[in-house]
Amino acid sequence: MSADDRRRGRLKVFLGAAAGVGKSYAMLGEARDLKAAGVDVVIGYLEPHGRRATEDRAAGLEVAPRRIARVQGRPFAEMDTDWLLERTPQLCLVDELAHTNHPGGRHEKRWQDVEDLLDAGIDVFTTVNIQHLESLNDKIHEITGVRVRETFPDRLLHEADEVVLVDLPPDALRERIAQGRVYAPEKIRAALTHFFRIDNLIALRSLALREVAEQEERQLLGPELATHEPAPALGERVMVCIDGRPNSSELVRRAARMARRATGRLYVLHVEPIGDARRPRPRSDRLLGSRGFGGGRLRLSDEEEPAGVHEAVEAAERLGVQLGASVLRRAGDVAETVVKAARELAITQIVLGESHRPRWKELVGQSIIARILRETDGVDVHIIADKKRT
């Protein structure tokens, strides 16, 4: 059988609102039942965190050897994806989907290793918490004050064959932590007074419940509606305009959530003003990364470009591609180019950062945002406030 004819493995994600809700325990329980039914099961990577109940649950299941990576002389155990691809079990269990691998393996991220297993026809059970979902990164930071560094792309969750919410009420999770069943005794107080505060857990649980509900709604549409490109007149098309400010990536994530909830397409647009002679003019309509038409980069002011703008734009574009967006660069009058792109792509929603133009220009309708609002009939325009401004 050729690689093209091989059945892609099925992916089942055990999703939790936070650490300690029992994701690994639930995954191991289902795996034990399947092993008893004759399925060839291998634990590719399990992180029990010293929890006796999890270790006992894994007893009797084959465990893959770990790859040892050495960083500055220190050994770190990682999943040995090459061994698993050679072993080819029917089902592989992989803890902590968003984990960043130490150097020396096939990929930087564990979710990329999981994709290799799926491509090889191996079914995968995996665990992850809601705070690691890429499009929620800014929202999680807003809720908890913690910037999560390890993320995985939304598409992996959306393409999963099944997403199971492992749910535990906030009070019950806090009690489990207080009893020492999640963290070592010296970490309990800090956990309960910081990340695992009751308000944080309520918000995280709400996000996880919503995510699973949206996943079920997409599955109810059926494979035909879920995989076919919607017609421009019917499907939502969200275009986010970025200009290199620090919140450019946040705008992309907000727009990605809008597009996903509407089962629509996402475009990222950046426009270089023609009159700006300080930078080389980009080729018009240069497509950077796409699952369809284009998107691009938008500069919303003609002020001197500060240091870091180029890096912020590039980072937002990479994020857009990761979130499934079409990314396009154009040159010209900013407002005119945005309006033209919206018409060409049948855009139904435009996402913009708030204007930094003087207030008097806003009042007389001379700002870029005012012009876009005036010239885009039938398009919803969302203005996202810059939280760093007062």
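Checked across the stretch 43-58, the condition of being modelled with pLDDT of 95 or more, of a type outside the set (S, T, N, Q) and open to solvent by 30 Å² or more (accessible area, probe 1.4 Å) holds for no residue.
Scanning the stretch 371-389 for residues that are among the acidic types (Asp, Glu), under 26 Å from residue 139 (Cβ atoms) and at pLDDT below 90 turns up just one, 386. Just a yes or no: is a residue in the stretch 97-104 within 27 Å of residue 61 (Cα to Cα) and hydrophobic (A, V, I, L, M, F, W, C)? Looking for residues that are within 27 Å of residue 61 (Cα to Cα) and hydrophobic (A, V, I, L, M, F, W, C), one finds at least one in the stretch 97-104, hence yes.
Any residue at all in the stretch 54-67 that is assigned to a loop (DSSP other than H, G, I, E, B) and either within 24 Å of the chain's Cα centre (by Cα) or closer than 18 Å to residue 179 by Cβ (or both)? Scanning the stretch 54-67 turns up no residue that is assigned to a loop (DSSP other than H, G, I, E, B) and either within 24 Å of the chain's Cα centre (by Cα) or closer than 18 Å to residue 179 by Cβ (or both).
The combined condition, being within 30 Å of residue 178 (Cα to Cα), at pLDDT below 95, surrounded by fewer than 20 Cβ atoms within 10 Å (Cβ to Cβ) and among the acidic types (Asp, Glu), is not fulfilled by residue 4. None of 146, 128 is of a type in the set (A, V, I, L, M, F, W, C) and open to solvent by 40 Å² or more (accessible area, probe 1.4 Å) except 146. The residue list 189, 174, 210 contains one member that is without any contact (Cβ under 8 Å) to a residue 40 or more places away in the chain and under 17 Å from residue 128 (Cβ atoms), which is 210.
Looking at 98, 31, just one residue is buried (at least 20 other Cβ atoms within 10 Å of the Cβ) and part of a loop (DSSP other than H, G, I, E, B), and that residue is 98. Under the condition of being in a loop (DSSP other than H, G, I, E, B), of a type outside the set (A, V, I, L, M) and farther than 29 Å from residue 108 by Cβ, the residues counted in the stretch 129-184 number 5.
The values are calculated or read from the model by the stated rules, or taken from the named source; none is laboratory data. All of these numbers come straight from a predicted model, not from anything done at the bench. No Cβ is skipped: glycine too gets one built from the backbone with ideal geometry, and neighbour counts run over all protein chains shown. These accessible areas exclude ligands, DNA and RNA; they are computed on the full protein's heavy atoms, side chains included. Shrake-Rupley method; radii C 1.70, N 1.55, O 1.52, S 1.80 Å.
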